[in-house]
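In what follows, a structure is listed as structure tokens, so that the remarks can point back to it.
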Amino acid sequence: MSSPNNTVENIVSLSPGSMPSSVHQPCTPPNAFPLHFFLLEQAPSTFYRSQSEPSGSVSSADSILGGGICQVIPSDDEPPCPFIGTKFGRNPLYLCQQHRAEYRTAYTLYKDASERATRLSMQLDAQSLWGPVASWSSAMLDLAIKTREQYAAALEGEVEGRQKHSERFIIAVDKAHVVWLQGQRSRCVKNERILTQLRLRRDAMVGKECVQAQEVREAVALAAVEKAWMEEVAHMRFKESIRWLSDMHDQEHEESH
């Protein structure tokens, strides 16, 4: 066990020449661990700050290393990240290189979904100028349904992406972010309700078109039967006429002799 004098604060305050022999080690020995692993071994509690600690507080180890321990929020089955992190952009957390890349990926995913949702919302606004839904053709209904399905996917992608990003990288609750998420969820519900109505309308129209198509097919078939019957009647009458003419010819021939 380390002695009380071997705390991180005491180690940082000592110059290399004044360090005790038990602490002072040659520079860059073979197979040496990085400095932050050495400091973690001496006083790990200094690095694992709680989420309630002010984000502006920096330990003496943070200042000597130019950053702090990565503050990515672990999942349920994930241990805290042990690597040194730095702050970047508007993100208030210390993040190591790996989790900075994860942050950018998660941020880009939900931002792209948000932009798609905005573009599709503009398309839906344009489609609302088509007039009453009752006057829409089958092709118009199909296009409107396709647009709303894409809009639903974009909204769900944005909401899910923002939620995962917050659970991983956001400690302090942003009220504006919460309000925006609530608005997007409300749009998801409204869009799903309209989408259901459009699908029912299309199914009804398809059913009506199927009935009409069946009626047309039956009418065509009946016309074909009637045509065949008329042709058969005409043929029979023609044969009767030929037979009558033949009989008349035979009768005249017999009378002449």
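Filtering the range 137-162 to residues that are polar (S, T, N, Q) and within 20 Å of K190 (Cα to Cα) leaves T147, Q150.
Quick one: how many residues across the range 184-202 are farther than 19 Å from S128 by Cβ and surrounded by fewer than 11 Cβ atoms within 10 Å (Cβ to Cβ)? Adding up the residues that qualify gives 0. Among the conditions (1) modelled with pLDDT of 90 or more; (2) open to solvent by 90 Å² or more (accessible area, probe 1.4 Å), D76 misses just one, which is (1).
The values are calculated or read from the model by the stated rules, or taken from the named source; none is laboratory data. Small disclaimer: the values here were computed from a predicted structure and weren't measured. For neighbour counting, all protein chains shown are included, and Cβ atoms are generated from backbone atoms with ideal geometry for every residue, glycine included. The area values use the complete protein model at the heavy-atom level, side chains included, leaving out ligands, DNA and RNA. Shrake-Rupley method; radii C 1.70, N 1.55, O 1.52, S 1.80 Å.
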